[in-house]
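The values are calculated or read from the model by the stated rules, or taken from the named source; none is laboratory data. Source: prediction; values computed, not measured. Please note: Cβ atoms are built from the backbone with ideal geometry, for glycine as well, and neighbour counts cover all protein chains shown.
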Amino acid sequence: MNDVADRYYDFLLERQPEMAYFAAVELDRHDGMFDNSPEAYADAAAAKDAFLREVEAIDAADLVGTPEWVAKALIEQRLRSEVAERVCKQELWNVSQMGGWHSGYSQIAMLQPVDTAELREQALARWAKFPGFVDQEVANLKAGVEQGYTVPKAVAQRVINQIGGLLALPTEQSPFYSPAVRAGDDTFGASMRDIVENGITPALQRARDYLADEYLPVAREELSISAIPNGADCYEAMLRGYTTIDRSGKDVYELGQKTVEANKAGVIELGRTAYETEDFSEILERAKNDPNDTFESREELLEFSKTMVERAAAEMPNWVGTMPEQAVAVVPFEEHEEGTGRSAHYNPGNADRPAEYRIPLDKPEEQSRGGAETVAFHEAWPGHHLQVATFQSREGMHPVTSLIWFSGPGEGWARYSEALAEEMGLYETVTGPISRRAWPARGMVVDPGIHLFGWTREQARDYMNESGRFPESMGDDMVDRIAILPGQLTAYDSGGLEILALRRQAEEALGDDFDIREFHDRVLENGTIPLGYLRQHIEAWIESKQ
């Protein structure tokens with residue numbers, strides 16, 4: 001297993017070295033760039049097929065409880081998902097406002113190391129390749145259009161706006177010029193300026209012009225992925241890839257509906273105390289219009305979020321046995337990211353820099369304090385940061401495990417953490433617990449609703465807005481997010497429900513011997529291991545305790 005993992009690790013970093021910056025992995029060189037040519041995709045597919053055959057031939061029974069078992073689980077799940085998702089041909093419609101190549105590489109530029117003369121030479125070599133990468137992306141989209149693969153018009157327009165935001169920045173403020181700003185080397189700075197002004201900026205302009213002038217007019221009107229060739233099969237493959245559960249879209253939809261109805265009882269219970277009413281709609285309307293739940297400025301929203309993260313960090317040792325040392329910083333979006341439909345998100349850190357909870361600050365008057373609490377707990381403590389930093393600090397894991405992440409267990413833990421934060425006494429608002437309970441599992445309904453059952457934009461927006469979790473102005477943002485990430489929004493509650501079910505199973509089986517800190521350690525110690533493997537791991541722990 002270690003031999004296969006070694007070779008797969010080398011393959012991943014050779015294929016896409018940029019992923020190292022988001023996974024606390026050290027690179028020998030910093031001049032590589034992902035090859036997005038059709039030939040490279042074909043070669044990679046053949047290599048992945050060979051790796052999958054090798055991994056499937058290894059008997060997991062001989063590895064249970066070892067780091068090799070974790071490596072097998074992660075590699076096997078990733079390879080199976082990627083093979084199944086080939087039906088989607090995602091490289092032919094790689095246009096996304098949710099962390100597309102244009103925003104991903106702008107972050108990579110800001111992480112590019114330039115501390116030595118050799119590193120600065122490598123930086124110049126990497127970014128000289130970027131215009132070719134951009135032009136190949138455009139060529140891939142043209143091939144996609146010819147074969148019937150496009151994204152919804154609204155998504156294309158959001159990406160046009162995002163690239164336009166990058167182009168509007170003067171060179172000195174462009175994220176792609178960040179290596180020069182940080183290096184303090186005039187000669188290097190002049191070379192980097194030349195690459196940005198005469199290479200990167202013209203390439204971005206060509207991409208933006210193509211999207212606006214040629215792609216947008218032929219982009220699809222339909223939100224559903226079923227509008228592309230083999231779209232229904234693509235949805236089921238992506239759904240399983242995100243959740244790591246073998247559950248159909250129809251089954252997810254039905255389970256989500258049942259869970260939403262059950263959650264309403266929790267909202268009514270809180271509303272009875274807070275607003276002296278048992279009417280679900282009235283409770284959410286009262287919460288939405290609560291005068292104590294608003295922000296007056298960007299600065300107030302930012303400081304409130306920082307305070308929530310600090311409070312959660314202080315309480316965390318009472319709920320986990322192993323507390324990671326790595327810090328997490330609350331960081332505002334870059335100016336060009338604001339108002340483009342991208343959500344708050346988490347970026348892992350490493351030994352040299354803290355992790356980041358990146359937060360949009362536009363329209364603070366439309367943000368609620370309760371919502372800000374929930375998102376902070378989801379992204380930082382006890383959510384994503386606790387999970388990622390805990391796994392990063394675990395010794396003995398194969399390094400390939402740092403490069404693989406699944407939404408089902410990852411977002412599932414973060415969703416579970418929103419409820420855990422309430423149990424920890426972290427919420428200060430009345431509205432936070434109400435909106436937290438009103439939202440879960442709606443993604444399990446609206447996502448397949450759009451992609452499988454013909455939901456309209458208005459129907460989806462109204463269903464999500466009913467929860468009161470987000471400002472109504474974000475309704476279209478969420479719809480377009482679902483449109484470009486089919487299946488992803490179902491992963492939060494698919495995973496959260498599974499983790500909660502495992503906790504209830506452990507509490508019932510162990511009784512007074514159940515230790516919440518030990519349970520959380522067991523859930524977290526293997527990272528975002530597929531949910532079937534997580535169940536196997538927790539049930540083995542329960543048996544050992546008995």
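Here are a few things to note about the model shown:
- Whenever a residue of region 508-522 is more than 21 Å from ALA419 (Cα to Cα), its partners that are assigned to a helix (DSSP H, G or I) and hydrophobic (A, V, I, L, M, F, W, C), lying with C-beta atoms within less than 6 angstrom and at least six residues away or across chains, give the pairs ALA509/ILE542.
- With respect to being in contact (Cβ under 8 Å) with a residue 24 or more places away in the chain and over 18 Å from the mean Cα position of the chain (by Cα), MET424 fits the description.
- No other residue among GLN326, GLN367, GLN387, GLN392 is touching a strand residue (DSSP E or B) at 6+ places or on another chain (Cβ under 7 Å) and either touching a residue at least 12 places away in the same chain (Cβ under 8 Å) or crowded, with 22+ Cβ neighbours inside 10 Å (or both) apart from GLN326.
- Residue-level check: of (1) in contact with a His (Cβ under 9 Å, 6 or more places away or on another chain); (2) closer than 30 Å to ILE160 by Cα; (3) surrounded by 18 or more Cβ atoms within 10 Å (Cβ to Cβ), VAL70 misses just (2).
- Test result for ALA262, under 17 Å from ARG86 (Cα atoms), out of contact with any Gly (no Cβ under 7 Å at 6 or more places or on another chain) and of a type in the set (Gly, Ala, Ser): no
- Residue match in region 428-451 (condition: assigned to a loop (DSSP other than H, G, I, E, B) and in contact with a Pro (Cβ under 7 Å, 6 or more places away or on another chain)): no
- Per-region count, region 21-44, residues among the small types (Gly, Ala, Ser), at pLDDT 95 or above and touching a helix residue (DSSP H, G or I) at 6+ places or on another chain (Cβ under 7 Å): 3
- Being at pLDDT below 95, more than 20 Å from the chain's Cα centre (by Cα) and part of a loop (DSSP other than H, G, I, E, B) holds for only one residue in GLY99, GLY65, and it is GLY65.
- Scope region 251-280; condition among the small types (Gly, Ala, Ser), surrounded by 15 or more Cβ atoms within 10 Å (Cβ to Cβ) and more than 27 Å from the chain's Cα centre (by Cα); matching residues: GLY266, GLY271, ALA274
- For region 452-467, the candidate set comprises residues that are aromatic (Phe, Trp, Tyr) and not in a helix (DSSP H, G or I); within that set, the residue that is surrounded by the most Cβ atoms within 10 Å (Cβ to Cβ) is TRP455.
- Residues of region 281-295 classified as at pLDDT below 95 and either surrounded by fewer than 16 Cβ atoms within 10 Å (Cβ to Cβ) or in contact with a Pro (Cβ under 8 Å, 6 or more places away or on another chain) (or both), total: 6
- ALA139 satisfies every condition listed in (1) assigned to a helix (DSSP H, G or I); (2) touching a residue at least 40 places away in the same chain (Cβ under 8 Å) except (2).
- Every condition in (1) touching a Pro at 6+ places or on another chain (Cβ under 8 Å); (2) under 16 Å from ASP493 (Cβ atoms) holds for GLU254 except the one numbered (1).
- Taking every residue in region 22-38 that is in contact (Cβ under 8 Å) with a residue 60 or more places away in the chain and farther than 23 Å from THR116 by Cα and pairing it with any residue that is of a type outside the set (Gly, Ala, Ser) and part of a loop (DSSP other than H, G, I, E, B), at least 6 positions away or on another chain, the pairs with Cβ-Cβ distances below 9 Å are PHE34/GLN16; ASN36/ASN94.
- Candidates ARG182, ARG206, ARG193 - the one that is closer than 30 Å to GLU82 by Cβ and part of a helix (DSSP H, G or I): ARG206
- Test: residue in region 479-487 that is touching a helix residue (DSSP H, G or I) at 6+ places or on another chain (Cβ under 8 Å), part of a helix (DSSP H, G or I) and either farther than 26 Å from SER248 by Cα or modelled with pLDDT under 95 (or both): no
- Scanning region 146-166 for residues that are crowded, with 16+ Cβ neighbours inside 10 Å and without any contact (Cβ under 8 Å) to a residue 60 or more places away in the chain yields GLN157, ILE160, GLY164.
- Residue match in region 492-504 (condition: crowded, with 16+ Cβ neighbours inside 10 Å, among the polar types (S, T, N, Q) and either within 26 Å of the chain's Cα centre (by Cα) or modelled with pLDDT of 95 or more (or both)): yes
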